[in-house]
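Only one structure is covered here, and it is reproduced in the block below.
The values are calculated or read from the model by the stated rules, or taken from the named source; none is laboratory data. On a predicted model such as this, the values are computed, not experimentally measured, just so you know. As a convention, Cβ positions derive from the backbone with ideal geometry for all residues, glycine included, and neighbour counts pool all protein chains shown. Note: areas computed on protein heavy atoms with side chains; ligands, DNA, RNA excluded. Shrake-Rupley method; radii C 1.70, N 1.55, O 1.52, S 1.80 Å.
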Amino acid sequence: MDKAQLILLGLPIFLFCSDLFNLFTPPPPKPQHHRPHQPPHIPHQHRPAMGIPETLDFPSQKSNVLGAIGYGNTVEINFCVSCSYKGTAVTMKKMLETAFPGLDVILANYPPPAPKRLLAKVVPVAQMGVIGMIVAGDRILPMIGIMQPPAWLNSLRANRFGSMASTWLIGNFLQSYLQSSGAFEVHCNGELVFSKLKEGRFPGEIELRDLISKTLTKPSIVTGSF
């Protein structure tokens, strides 16, 4: 038998044996398919149509009513410079300019009464005169016709350094007291809004803001002839 005959005879026999083997062999068990864990179904939100632009809902912002009334108005804060009230005045100025944009806030010194101002100018002259007498009183007094120095000058010259230091400190204290007014006066468009001289205290930031707001929003009465 040649090779062609062997192939033609062996191929049917191989197919027949393969069928018998598959017939008596039990089928393999079916694999169990495990479904992977899926997150809970979340419904998709409704998307707007392509032709309609999507708008975001932002909370409506309230217009700053207080800021709209600041333009064209003036607030003047007169305070005592020698009392170290400048820091408080600058703080109030920044607060008012922030609360009322466009508001013109002017800072100025509140001078003491005229008698105190005059005495404040005399104190330095008297201060330097006493120190000069302590240092060279024995030569100055004979020049003006006083040959015998008074007893108080002798007592001061007994301790020259202590006397000059005390005269300098007392004179500076008196001058600072006479130049101070203790005032913190707030005027809005020429109208007195708050007075530390009357109230005896400083205004609070919220209190001053409310007072300025009431003054600016106060309706003006216009009288006309009919």
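Figures for the structure shown
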read-out	value
For Val105, distant residues with modelled amide H under 5 Å away	Val75
Accessible area per residue, Å², region 114-179 with all protein chains present, probe 1.4 Å	70
Per-residue HN-Hα couplings for region 197-209 [Karplus 6.51, -1.76, 1.60; θ = phi - 60°; Hz; x = Gly/Pro]	5, 8, 7, x, 7, 8, x, x, 5, 5, 4, 5, 4
Under the Karplus curve 6.51 cos²θ - 1.76 cosθ + 1.60, θ = phi - 60°, whole-Hz ³J(HN,Hα) for region 105-122, x wherever Gly or Pro sits	9, 10, 9, 8, 7, 9, x, x, x, 4, x, 5, 5, 5, 5, 5, 7, 7
Added length on full extension, which subtracts the Cα-Cα distance from 0.36 nm per residue, Ala158 to Asn172	2.8 nm
Rg/Rg_ref, region 69-140, where Rg_ref = 2.2 N^0.38 Å and atoms are Cα	1.88
Per-residue ³J(HN,Hα) for region 175-190, Karplus 6.51 cos²θ - 1.76 cosθ + 1.60, θ = phi - 60°, Hz, x for Gly and Pro	5, 5, 5, 6, 8, 8, 10, x, 9, 8, 9, 10, 10, 10, 6, x
Placed amide H near Val193: partners under 5 Å, 5+ positions off or other chain	Val186, His187, Cys188
Dimensions in Å of region 114-179 - Rg and Dmax from alpha carbons	13.4, 38
For Phe100, residues with placed amide H under 5 Å, excluding near neighbours	none
Estimated distance in nm for a label pair at Ala126 and Met95, the labels positioned 7 Å out from Cα along Cα-to-Cβ	4.0
